[in-house]
Amino acid sequence: MSPTRAQIDKAIGDISIAALRSWLKSQDLPSSAQTRDEITERFKKLLDENKLSWETLEKGITGIEEASAKRITLCTIGSEGLKQITNPTVFTKHLGKLKINPSSDALLAPRLPAKSTFVYLIDGPSQLRAKWAETHTAITIDVAKEQLVRTKITKIVLFVVDKKDGFAQLRFDKPELIHQHLDEKKKPNATAYFSYYRATAEEISGCALNSLELRPALRSLVETTPRIVRLPLNDFRTGANSRVRFASRTDIRDDDDWKAMHGKGGEDWAHDSEAIYWLPGASAGKLTREVFSDLDGRTGKLRVEADCHEGEIEYAILKIREHLSKTS
Amino acid sequence: MSTQSSKFESILAKHPKLRANLAALASYIGRQVEAGRTDIVPALAAAGLKISESEILGLLMLFEKQGLVKPIYQIYCAEKKTLLAEVDSKDDISEVVYCKYCDKEHRDPDEFEVELVFRAVNGVWEAAPQNVAVS
């Protein structure tokens, strides 16, 4: 029997429509639905007509919740920590102490859990991967009714470690105004949310996470030729500490004034953030479209859009890693 | 011997392995002060000296211990990228910052940015040598 609308609604929960449409497109399925009702109806029809299986849909939703609209902190674990997570005897014992049973597959997170909930950990040959879910409350104002509107949203946090070299990612959903991570004044605090999962990831891996400086990679991405990114927006500071924002409809590096400025003092600039599009033409077939990401050298975070999928995130991170190693 | 150079020599004596980078940073600060810029921004020093920002921070903290620089927290409007206020301690950062450029009070932490800079202490660096001996 094919799933009901209510079951489909529950499975897709509060996942963004852009992400669901992008996933449908990647599966060569019709993706024109514009509203939540329309997209639920679309899934219902595809499932009823056996053009899509429930297992495929679940896998797709799992992939979306792990890649869509994430703020990604890039970091590394040291060589001692790497030895621990790559030694099966030591690491299995460590997980046992934490009462964690590794899973063989990625699992879909529960919708709107009452508190921070561990979803799964996969201890694979090349990658360690763990996921958590929790519920936040977004507040918006209904101006017509002069009311605050509270909406509960499931938030996903994913921790990924490359076992080859200890390169790690912590992928966060954007925090909303109300959640369980409080500051010393008992108020919800975004930094407390990020810190909680960083500490949890350190506990689960048994390794300290070392932050990475993204600024050298930002500089390298600007200066690499032939270009691998389109750069419409760049925030930087001149050597004299003036803050500058260059924005272009295409690429700031084609602007004669930017070129003149860069030629004069570009060596001394500190790149604070860049909004970039990864170019498919420079991706050796790994990208099928221009993929947006925002890199912040101040927070060391990479942000991707709601319609971004795992392969696109992996490509962006691979390139950032290449540019970091070029400059270190 | 000036105060600056005796304090600097004291850092070098305690950290001989950092001599080259300490000397490069001291020269950088001297040049900045000479150009009228007394706020040393770790990210800019890192870019100018091709040294990692974390290492620059560590070196600046050694200078701070000797009283050559002092930490300042600068609060910028995230939207207008303009300096709004500065305080000596993180604890003094107000939850609400009025921004005259936006004509509003910024309450959301995303609406302002806090940056740690190190201010060259008055009168200490003016006579600083531009090329500090490395060996």
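The values are calculated or read from the model by the stated rules, or taken from the named source; none is laboratory data. Quick caveat, the model's predicted, so the values are computed rather than measured. Cβ atoms come from the backbone with ideal geometry, glycine included; neighbour counts cover every protein chain shown.
The table below lists the values:
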{"quantity": "Some residue of the range A:49-58 being surrounded by 13 or more Cβ atoms within 10 Å (Cβ to Cβ) and not assigned by TED's automatic domain parsing to the domain that holds A:K25", "calculated": "no"}
{"quantity": "Out of B:D91, B:D110, sole residue that is within 11 Å of chain A (Cβ to nearest Cβ), out of contact with any Phe, Trp or Tyr (no Cβ under 9 Å at 6 or more places or on another chain), over 21 Å from A:H271 (Cβ atoms) and not in a loop (DSSP other than H, G, I, E, B)", "calculated": "B:D91"}
{"quantity": "All helices (runs of 4 or more DSSP H) inside the range A:11-71 with 2 or more residues being modelled with pLDDT of 90 or more", "calculated": "A:36-48, A:54-67"}
{"quantity": "Residues being surrounded by 15 or more Cβ atoms within 10 Å (Cβ to Cβ) and more than 22 Å from A:F236 (Cα to Cα) - total across the range B:94-116", "calculated": "2"}
{"quantity": "Leading residue by the ranking (nearest to the other protein chains (Cβ to nearest Cβ)) among those in the range B:45-55 that are in contact with an Asp or Glu (Cβ under 7 Å, 6 or more places away or on another chain) and of a type in the set (A, V, I, L, M, F, W, C)", "calculated": "B:A47"}
{"quantity": "Per-region count, the range A:114-146, residues within 30 Å of A:Q84 (Cβ to Cβ) and surrounded by 18 or more Cβ atoms within 10 Å (Cβ to Cβ)", "calculated": "12"}
{"quantity": "Residue selected from the range A:234-250 under the condition exposed (fewer than 15 other Cβ atoms within 10 Å of the Cβ) and in contact with an Asp or Glu (Cβ under 9 Å, 6 or more places away or on another chain), by the criterion farthest from the other protein chains (Cβ to nearest Cβ)", "calculated": "A:V244"}
{"quantity": "Condition met for B:L62 (within 14 Å of chain A (Cβ to nearest Cβ) and either within 14 Å of the chain's Cα centre (by Cα) or on the phi < 0 side of the Ramachandran plot (or both))", "calculated": "no"}
{"quantity": "Number of positions in the range B:54-77 that are in a loop (DSSP other than H, G, I, E, B) and buried (at least 17 other Cβ atoms within 10 Å of the Cβ)", "calculated": "2"}
{"quantity": "The range A:267-294: number of residues that are among the small types (G, A, S), in contact (Cβ under 8 Å) with a residue 40 or more places away in the chain and either within 14 Å of chain B (Cβ to nearest Cβ) or not in a strand (DSSP E or B) (or both)", "calculated": "4"}
{"quantity": "Test: residue in the range A:19-30 that is touching a Gly at 6+ places or on another chain (Cβ under 6 Å) and in the same structural domain as A:F159 (by TED's automatic domain parsing)", "calculated": "no"}
{"quantity": "Filter result for the condition that a residue is in contact with an Asp or Glu (Cβ under 9 Å, 6 or more places away or on another chain), surrounded by fewer than 19 Cβ atoms within 10 Å (Cβ to Cβ), modelled with pLDDT under 95 and not assigned by TED's automatic domain parsing to the domain that holds A:T76, over A:E322, A:E310, A:E267", "calculated": "A:E310"}
{"quantity": "Members of the range A:86-144 found to be polar (S, T, N, Q) and outside any loop (DSSP other than H, G, I, E, B), listed by number", "calculated": "A:T86, A:T89, A:T92, A:T117, A:Q127, A:T135, A:T137, A:T140"}
{"quantity": "Subset of the range A:188-230 [within 20 Å of the chain's Cα centre (by Cα), among the aliphatic types (A, V, I, L, M) and either within 23 Å of B:A47 (Cα to Cα) or not in a strand (DSSP E or B) (or both)]", "calculated": "A:A190, A:A192, A:A199, A:A201, A:I204, A:L212, A:L214, A:A217, A:L218, A:L221, A:V229"}
{"quantity": "Out of A:R219, A:R253, sole residue that is in contact (Cβ under 8 Å) with a residue 24 or more places away in the chain and more than 10 Å from chain B (Cβ to nearest Cβ)", "calculated": "A:R253"}
{"quantity": "Any chance B:I56 is hydrophobic (A, V, I, L, M, F, W, C) and in contact with a Pro (Cβ under 9 Å, 6 or more places away or on another chain)", "calculated": "yes"}
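A quick yes/no check of all residues on (1) under 30 Å from A:I178 (Cβ atoms); (2) out of contact with any Leu (no Cβ under 9 Å at 6 or more places or on another chain):
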| position | (1), (2) |
| --- | --- |
| A:F194 | yes, no |
| A:E202 | yes, no |
| A:L209 | yes, no |
| A:S220 | no, no |
| A:F236 | no, no |
| A:S248 | no, no |
| A:A282 | no, yes |
